[in-house]
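Data block below; observations after.
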Amino acid sequence: MTAKRRIGDREVYPVGLGCMNITHAYGPPMDEAEAKGLLVRALDLGYDFLDTATLYGFGRSEELIGQALKDRRNSYFLASKCVLGFDGGQRTLDARPESIKAACEASLKRLQTDVIDLYYMHRPDPNVPIEDSVGALADLVQEGKIRMIGLSEMGEADLRRANAVHPIAAMQSEYSLWVRNPEIAIKAACEELGVALVAFSPVGRGFLADPPVDPAKFHESDLRGSIFPRFTPENYARNLPLLDEARACAKEVDCSVAQLALAWTLAKGDNILPIPGTTSLAHLEENWQAGSVQLSKDMVARLDAFFLPEKAVGPRYNSLGQAVVTTEMYPFEQTQ
C-alpha cells in the first residue's frame, strides 16, 4: 500500500485533489451535479486531501464541497485559503487580521463544517506585515476554527517570518517538471522547518499529459490564454518538444505522462504532496494511481537533467501575476 505523507500531525494519501477548476480558471464551471459526483468519486477512490479556496468560483468550490461531502467530513483532510477573496464579483487582496477572521467564518459556512484542517494565506499582502496576518490565523487555531496554518506562493523570507510567529504546516507552490522554482530556496527551507510542500499544477496546467492541452481550444474564460505566457501560440509550440522525452520516460516506466509528472514530484522529497485538479473522472483515477508509481533514482536524475528550468519557454506568470507572489525566480527569468 502507498505510504501516506504528513501535514502537521495528520497523514494523508500522497496525491491530493485540487478543487479549483471544477468552478474556476480553466473555462466554464462544471455542471453542478457532475462536480458533486466527481467529489464523491474522489473520496470513494481513497482521496483524503482536498484543496480549495475562497476565490475559486467566488466561493462556489467551497459550497460544492460542503454540499456534496458534509456527511463525510471526517473522512478527508480539508484545506482552504483566505486573503484572495471577492467583493461584488471582483477579486480582492486583503490580509488584515479582521478580514482573515471574517473570511474564515464565511468559508466555514460555505463548507458546512466547524473546522478547516489547513487554512492558507493565498498570497502575501504587501500592505500588511505577515506577522499580523499569521497572528490572526494563530487566533483561529486557538479558537478551534482551523487546525493548521499554511502559506501559498511565498518565498523563503516570508516563510521564516511567518514560522517565527506560529508553526507553518504547509507551503503551497507551483512545482512540476515544467516549473522548478521551489528548488531555488523554498524546498530546502520546508525540509529544514518540517513544513509540507504542497505542489499545485504538478502536471503543468495540462501541459504534462499525452495528449497535452490544446491552447487553440481554450474557452475565452480560460486564464491559461491570458495570464500564463507559456501557453501563447509561439511559446507553446516551442515547449512541445519537451514532451518527447516525457513520453519516452513514461513508456519505460509503463505509466502515462501525467503519472510520470506526479511520480517525479513525489520522488523529489518525502514532504511533497502534489494536488492535481481535474474535471474528468478518468483523469481523477489516473492521478490517484500515480501515487503507486515508483521512479528509480536514475530516472529522476534523467528527468532532472532534461527538464532544466531554462528549457521552459516563456515566463511562469505575466507581469500582473508575478507581482502578487514572492516565490523566488531564476536569474534568466528576470529578463523574460
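Scoring residue 65 on the criteria (1) part of a loop (DSSP other than H, G, I, E, B); (2) touching a Ser or Thr at 6+ places or on another chain (Cβ under 7 Å); (3) closer than 21 Å to residue 274 by Cα leaves a single failure, condition (1).
For every residue, the table says whether it meets (1) more than 20 Å from the chain's Cα centre (by Cα); (2) of a type outside the set (Gly, Ala, Ser).
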residue	(1), (2)
29	no, yes
43	no, yes
50	no, yes
53	no, no
56	no, yes
60	no, yes
69	yes, yes
83	no, yes
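Would it be correct to say that residue 146 is in contact with an Asp or Glu (Cβ under 9 Å, 6 or more places away or on another chain) and either open to solvent by less than 10 Å² (accessible area, probe 1.4 Å) or modelled with pLDDT of 95 or more (or both)? Outline the logic, then answer.
Details: in contact with an Asp or Glu (Cβ under 9 Å, 6 or more places away or on another chain): yes; either open to solvent by less than 10 Å² (accessible area, probe 1.4 Å) or modelled with pLDDT of 95 or more (or both): yes.
When the stated conditions are applied, residue 146 passes them.
Against the numbered list (1) open to solvent by less than 10 Å² (accessible area, probe 1.4 Å); (2) assigned to a helix (DSSP H, G or I); (3) in contact with a Lys or Arg (Cβ under 8 Å, 6 or more places away or on another chain), residue 43 comes up short only at (1). Restricting 36, 70, 81 to residues that are at pLDDT 95 or above and in a strand (DSSP E or B) narrows the list to 81.
Candidates are the residues of the stretch 207-255 that are under 25 Å from residue 288 (Cα atoms) and touching a Ser or Thr at 6+ places or on another chain (Cβ under 8 Å); the one that is surrounded by the most Cβ atoms within 10 Å (Cβ to Cβ) is 208.
Identify the residue in the stretch 170-185 that is assigned to a loop (DSSP other than H, G, I, E, B) and open to solvent by 10 Å² or more (accessible area, probe 1.4 Å) and, among all such residues, is farthest from residue 304 (Cα to Cα). Only one residue fits best here, namely 185.
Give me the pairs, please: first residue somewhere in the stretch 97-126 and at positive phi, second residue anywhere and open to solvent by 20 Å² or more (accessible area, probe 1.4 Å) and not basic (Lys, Arg), beta-carbon distance under 9 Å, and either six or more positions apart or on two chains. Going by the 9 Å Cβ cut-off, the qualifying pairs are 112/63; 112/67. Quick one: what pairs do we get from the stretch 303-325, first residue under 18 Å from residue 184 (Cα atoms), second hydroxyl-bearing (Ser, Thr, Tyr), C-beta under 6 Å, 6+ apart or different chains? Going by the 6 Å Cβ cut-off, the qualifying pairs are 309/330.
I need the full set of residues from the stretch 293-336 which are open to solvent by less than 30 Å² (accessible area, probe 1.4 Å), farther than 23 Å from residue 237 by Cα and within 18 Å of the chain's Cα centre (by Cα), in order please. Once the filter is applied, which keeps residues that are open to solvent by less than 30 Å² (accessible area, probe 1.4 Å), farther than 23 Å from residue 237 by Cα and within 18 Å of the chain's Cα centre (by Cα), the stretch 293-336 yields 325, 327. Residues in the stretch 6-28 that are buried (at least 19 other Cβ atoms within 10 Å of the Cβ) and not in a loop (DSSP other than H, G, I, E, B): how many? Within the stretch 6-28, residues that are buried (at least 19 other Cβ atoms within 10 Å of the Cβ) and not in a loop (DSSP other than H, G, I, E, B) number 5.
Restricting 240, 262 to those that are within 30 Å of residue 8 (Cβ to Cβ) and of a type in the set (A, V, I, L, M) reduces the list to 262.
Here residue 102 passes the criteria (1) out of contact with any helix residue (DSSP H, G or I) (no Cβ under 9 Å at 6 or more places or on another chain); (2) open to solvent by 10 Å² or more (accessible area, probe 1.4 Å); (3) closer than 19 Å to residue 10 by Cα except the one numbered (3). Please go through the stretch 186-206 and pick out each residue that is open to solvent by 30 Å² or more (accessible area, probe 1.4 Å) and assigned to a helix (DSSP H, G or I). Scanning the stretch 186-206 gives 187, 188, 191, 192, 193. Which residues, taken from the stretch 59-86, are more than 13 Å from residue 111 (Cα to Cα) and in contact with a Phe, Trp or Tyr (Cβ under 6 Å, 6 or more places away or on another chain)? If the condition is that a residue be more than 13 Å from residue 111 (Cα to Cα) and in contact with a Phe, Trp or Tyr (Cβ under 6 Å, 6 or more places away or on another chain), then 86 is the only one that fits.
The values are calculated or read from the model by the stated rules, or taken from the named source; none is laboratory data. Bear in mind the structure is a predicted one, so any value in this text is a computation, not a measurement. Quick reminder, even Gly has a Cβ in these numbers, built from the backbone with ideal geometry, and neighbours come from all protein chains shown. All accessible areas refer to the heavy atoms of the entire protein, side chains included, with ligands and DNA or RNA removed. Shrake-Rupley method; radii C 1.70, N 1.55, O 1.52, S 1.80 Å.
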